[in-house]
Amino acid sequence: MNAIKQITTLLRQLGNSIKLNIPVLMAAVRKTGARLKPYARTFLAAVQHAAKSAIPVFKRLLASLRKSFVKYRTLYLLLLPLFSIVISVKILHTRYYGPNVAKTFTLFIRDNDNFEKVATQLRAQGALKNTKSFEQFAAFKDYDTHVKPGAYKVQEGWSNNQLVNVLRSGAQTPVMVTFNNIRTFEELSGKLARQLQSDSLTFLHHFKKDSVAIQLGVTPETLPALFVPNTYSLYWTTSPSGFLTRMKSEYEKFWNESRKLKAKNAGLTPDQVATLASIVQEESNKNDEKPVIAGVYLNRLRKNWPLQADPTIRFALGDFTIRRVLKAQLAVDSPYNTYLKAGLPPGPINFPEISSLEAVLNYRVHDFYYFCAREDFSGYHNFAKSLSEHNRNARKYQAALNRMKVYK
């Protein structure tokens with residue numbers, strides 16, 4: 001502290017010495033101008049005098065600094081490596097805790113993927129500003145030996161620490177899985193495979209196992225009733241078994257007490273509602289007309305009439321492209337042939353949408369027992385109370401098909 005005070009005193013003396021000579025310098029400058037030459041010697045003399053006065057002060061200042069360094073040499077030698085450490089820590093902190101993720105995207109890591117595959121995917125995505133620093137930090141935190149599968153939404157601006165922590169914890173981001181307008185398990189499996197990790201064959205083989213349906217408390221024929229088409233939040237790694245468990249849970253949520261009561265009042269079980277809804281869905285894509293069609297089929301069921309639903313023939317034949325069901329096709333031997341078998345078929349012929357399920361639960365009460373597609377191909381139907389009226393409607397539609405040269 002004494003050395004610092006001495007340095008301060010010397011600096012103050014130096015300043016005072018210069019300050020005392022400033023008036024002389026300024027006076028000499030003012031007297032220059034037109035008479036510069038006569039006063040040049042005076043100006044130079046003043047400068048020299050100021051310099052001579054300052055030199056001793058400078059010498060004492062340098063001596064004091066040398067004495068201070070000798071006295072505090074040990075402290076300086078300790079501070080120098082400490083300063084180096086601080087700089088190194090700052091660099092490492094920026095390297096591992098500063099922003100490194102260059103863009104927002106979803107990283108998909110499959111079962112059995114190793115760290116090299118993860119790093120390769122990150123490089124291919126151009127996801128990181130500095131891939132090497134990520135690899136080093138991942139090894140430091142042992143992530144390179146603890147890779148976990150999943151879909152991870154990586155955010156732009158994340159540090160290596162944030163990225164490694166998320167990936168190492170397995171905290172994957174749910175994906176939104178949507179399925180609708182599905183007729184077969186093959187179609188469903190294909191759609192799920194495009195949104196989840198498992199491939200379509202893995203899904204299909206699981207869905208087709210009779211033991212799987214039995215474990216869920218349904219029959220293989222009524223299994224489609226468990227699937228309520230919608231959008232669901234799932235983990236990308238959800239297995240076929242896990243997916244079915246979720247569908248069972250969603251099925252139980254959908255069939256609340258209110259809907260169960262409506263089904264009971266219609267004389268149906270929930271699975272029968274799904275079966276009838278699947279037929280209604282094949283008959284029309286007009287939601288405002290579906291409750292009317294449901295009412296027709298319920299009227300026929302109550303009289304124990306065959307449903308005579310053309311969609312069940314298409315299902316039995318395995319061909320939904322048929323536009324015109326022919327008489328020969330009505331003889332197909334199948335429990336789904338509602339021309340030959342009274343009542344509902346064994347199970348749904350597709351995966352009925354919520355709108356179709358609600359149409360059956362809220363069916364329209366009326367006296368119609370027949371319906372036929374309109375001849376204008378609008379997608380709507382002509383409804384009839386009697387067979388003779390229905391036959392007239394059918395002839396008009398058949399004539400329209402003939403004009404369009406639709407024979408099958």
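Each reported figure results from applying straightforward, stated rules to the coordinates on display, with no laboratory input. This one's a predicted model, so the numbers in the text were calculated from it and none came from an experiment. Neighbour counts run over all protein chains shown; Cβ positions are idealised from the backbone, glycine included.
For the range 103-204, what is the number of Lys pairs with C-alpha distance below 22 angstrom, counting only pairs 8 or more positions apart or on separate chains?
17
Packing-wise, with mean Cβ within 10 Å as the measure, how do 336-342, 262-268 rank, highest first?
Values: 336-342: 18.4, 262-268: 15.3.
Highest-to-lowest ranking by the protection proxy: 336-342, 262-268.
Based on the Cβ-Cβ distance from Lys132 to Asn256, what FRET efficiency comes out when R0 is 45 Å, to the nearest 0.05? It would help to have the intermediate numbers written out before the result.
Working: r = 56 Å, r/R0 = 1.24.
Efficiency for this residue pair is about 0.20.
Just want the ordering: Thr237, Thr106, Thr231, from fewest to most Cβ atoms lying within 10 Å of their own Cβ.
Exposure proxy ranking, most exposed first: Thr231, Thr106, Thr237.
What ranking do Ser189, Ser211, Ser356 get, fewest neighbouring Cβ atoms within 10 angstrom at the top?
Lowest count first: Ser211, Ser189, Ser356.
What pairs from Lys248/Lys303; Lys262/Lys290; Lys208/Lys260; Lys262/Lys303 go past 22 Å between their alpha carbons?
Details: Lys248/Lys303 33 Å; Lys262/Lys290 16 Å; Lys208/Lys260 28 Å; Lys262/Lys303 20 Å.
Among Lys248/Lys303; Lys262/Lys290; Lys208/Lys260; Lys262/Lys303, the Cα-Cα distance tops 22 Å for Lys248/Lys303; Lys208/Lys260.
If the cut-off is a Cα-Cα distance under 12 Å, which aspartates and glutamates reach Lys341, setting aside same-chain residues fewer than 8 apart in sequence?
Here the aspartates and glutamates satisfying the reach criterion relative to Lys341 are Asp333.
In whole Å, what three semi-axes, largest first, describe the equivalent ellipsoid of the range 182-334 built from its Cα gyration tensor (square root of 5 times each eigenvalue)?
28, 21, 14
So how do Asp210, Asp144, Asp271 line up by other beta-carbon neighbours within 10 Å, fewest first?
With the sparsest Cβ surroundings first, the list reads Asp210, Asp144, Asp271.
Which log10 I(q)/I(0) values does the range 300-408 give at q = 0.13, 0.15, 0.23 Å⁻¹ under the Debye formula, counting every alpha carbon as one identical point scatterer?
With no solvent term, the Cα-only Debye profile gives -0.56, -0.77, -1.58.
Excluding Thr219 itself, calculate the net charge of residues whose Cβ lies under 9 Å from the Cβ of Thr219, where each Lys or Arg counts +1 and each Asp or Glu counts -1. Walk me through the numbers before you get to the answer.
Numbers: positive: none; negative: Asp210, Glu221, Asp271.
In short, -3.
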